[in-house]
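The values are calculated or read from the model by the stated rules, or taken from the named source; none is laboratory data. Everything numeric in this text was worked out from a predicted model, so none of it was measured. Here Cβ is always computed from backbone atoms with ideal geometry, including for glycine, and neighbour counts include all displayed protein chains.
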Amino acid sequence: MLEVYLDPCTVNSRKVLAGLDLMGVEYKMVHINFFTGEHKSPDYLKINPNGTVPSASDGPDFKITESNAILQYAADLKGSIHYPKDLKARADVNKWLLWEASVWFPSCYVYLVEFVVKPLLGSEPDQSIIDAQAPKWNQLASVLDTQLAKTKYLAGNDTTIADIAVAAPMHLHKAQRLPLDQHQNLKGWLADIEKMPSWQKTQDAVDKALLPTDTSVNTNPGEVHAKFNYTKEVDKLTEIYFYESEAAKDTHEPGDNPREMAVNDGWDRNRSAPFTTDQHGFSIQPFKTQYNKWEDEANVREAFYPEIVDFVKKTTGVRRVLVFDHTIRTKANAAKPITQETDTTKRAPVMLVHCDYTAESGPLRVEQLLGAEARDLLSRRVAFFNVWKPLGRVEERPLAMCDWTSAHAEDFFKLHLRYRDRNGENNVMRYSPKHKWWYFPRMEADQVILLKTYESRPDVARFVGHTAFEDATSPAEAKMRESVEIRTIAFF
Ligand SMILES: N[C@@H](CCC(=O)N[C@@H](CS)C(=O)NCC(=O)O)C(=O)O
């Protein structure tokens, strides 16, 4: 039987899956995880030395790469009507397949990279790259538009594999922001392709991996109101003691200014203009892992931290990432007070608007962790990211983030953390009506928030205020939120 090796969320993999389904070709699918770089693994390179997905095999001695060649081969295996045998009709389909691979895919790909891939990786689209590509894309789209004014489908009045191949590079056209309005025939044809059951069956994997915002669980745009524990700035230090002490008796503790704030549903907004860690201070990302031994601290460090290193490198493009700490928030830890002294890897959700580092404690932490190397590392850009991952669907006390575009560095001030053996500090926030809060209702275990908690660069988001909050829309029987957050430092 035909075996296909692919990641269903990528353009050319989706093309093959939709095409095989259209033609009724049976196949076995082997998932090659694009996000963990499995398509570059030595085993996979034996199947496809290009290190790209998709590829296919049919028996031990036959391997084939190139999505369109896979479709052609599969069509002939089956004798499919979607790849006509008449010489001229076939040549016409072949013409579109070659056109797609040589000029159409590369042009659509520019939009995909700028408006989908870059935001997923936490960076900004470059409009000048789009502006440079737009004339070429419009010229190519006009070629399609002219053809589709004459025939219902590209190679006549019946669907062929050419339609699937040419539609595939536009598969995220809304998020890609392809200027389809200028090409009405093309737009209508694409809407028809999108109605095809073969196409629709491939939608879910794409939404899940690339646009977590489109998954069915995340459909409740709007806002909720909740109490957010800000802190008043008074004429003495704001402190928390993590041990019994006389000095703790007369302290100004944080969280003494609760305010009702609107919290916006981030899913909808993220779909049209994804959040980025540089601009907003946080982003939402797909993240899949098989790891599940959360209560075994040493094992988390040994077996899970490396996955986080890879993930942060990939999403931020940094060359070096250090994972240095994590905290698990589970049912078992819910009863522990925030001031619990021992084993800070296990805690309950924090209901205080705060950010884990200050302008001073970030670099200090680098020095503590990296000693002699720190000086050199701190001469370049350094950022701290928390990776916040639910352990199951979040049904209550979700995490909210204060959009950096609505906050100022001056909205933060120091909270002094008094431990028995050392002092630490983090940032709390003073209230401002300008603050705009976001959350991602009903986040799933395969989605993570990447949260900036310190940044050395002054011209991008530096600290993100965040807090858990009581969501009044949580169901009465809501399962207690369980999550893990992993603290990382990214060296640019
Ligand atoms: N012409 C190839 C292109 C395949 C391709 O570029 N696949 C992308 C995913 S859609 C890929 O694997 N990219 C990884 C890389 O280029 O390193 C085909 O049609 O199969």
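Only residues that are surrounded by 11 or more Cβ atoms within 10 Å (Cβ to Cβ), more than 10 Å from the ligand (Cβ to nearest atom) and free of Cβ contacts under 8 Å to residues at least 40 places away in the same chain: list them for region 45-63, please.
Passing the criteria: 45, 49, 63.
Give me a count of the residues in region 384-404 that are more than 18 Å from the chain's Cα centre (by Cα) and part of a strand (DSSP E or B).
The qualifying residues number 1.
Among the candidates 5, 73, which residue alone is more than 30 Å from residue 308 (Cβ to Cβ), surrounded by 15 or more Cβ atoms within 10 Å (Cβ to Cβ), at pLDDT 95 or above and within 13 Å of the ligand (Cβ to nearest atom)?
73
Can we say residue 128 is closer than 24 Å to residue 198 by Cβ and either buried (at least 16 other Cβ atoms within 10 Å of the Cβ) or away from the ligand (no atom under 15 Å from the Cβ) (or both)?
So residue 128 does not fit the description; no.
If we keep just the residues of region 205-235 that are among the acidic types (Asp, Glu) and within 23 Å of residue 113 (Cβ to Cβ), which is modelled with the highest pLDDT?
Checking each candidate, the answer is 207.
May I ask you to list the residues in region 26-44 that are within 15 Å of the ligand (Cβ to nearest atom) and aromatic (Phe, Trp, Tyr)?
34, 35, 44
Quick one: what pairs do we get from region 8-25, first residue within 14 Å of the ligand (Cβ to nearest atom) and in a loop (DSSP other than H, G, I, E, B), second modelled with pLDDT of 95 or more and hydroxyl-bearing (Ser, Thr, Tyr), C-beta under 9 Å, 6+ apart or different chains?
Note: pairs meeting the criteria are 10/52.
Look through region 250-304, keep the residues that are polar (S, T, N, Q) and part of a loop (DSSP other than H, G, I, E, B), and return whichever of them is farthest from the chain's Cα centre (by Cα).
251
Report, by residue number, each residue of region 236-252 that is exposed (fewer than 14 other Cβ atoms within 10 Å of the Cβ) and either modelled with pLDDT of 90 or more or in contact with a Leu (Cβ under 9 Å, 6 or more places away or on another chain) (or both).
Passing the criteria: 236, 237.
Give me the strands (runs of 3 or more DSSP E) completely within region 420-492, filtered to those with at least 1 residues that are of a type in the set (Gly, Ala, Ser) and surrounded by 24 or more Cβ atoms within 10 Å (Cβ to Cβ), ordered by residue number.
483-491
Is there any pair linking a residue in region 88-105 that is within 14 Å of the ligand (Cβ to nearest atom) to one that is polar (S, T, N, Q), with Cβ under 6 Å and at least six apart or on different chains, and which?
97/68; 101/68
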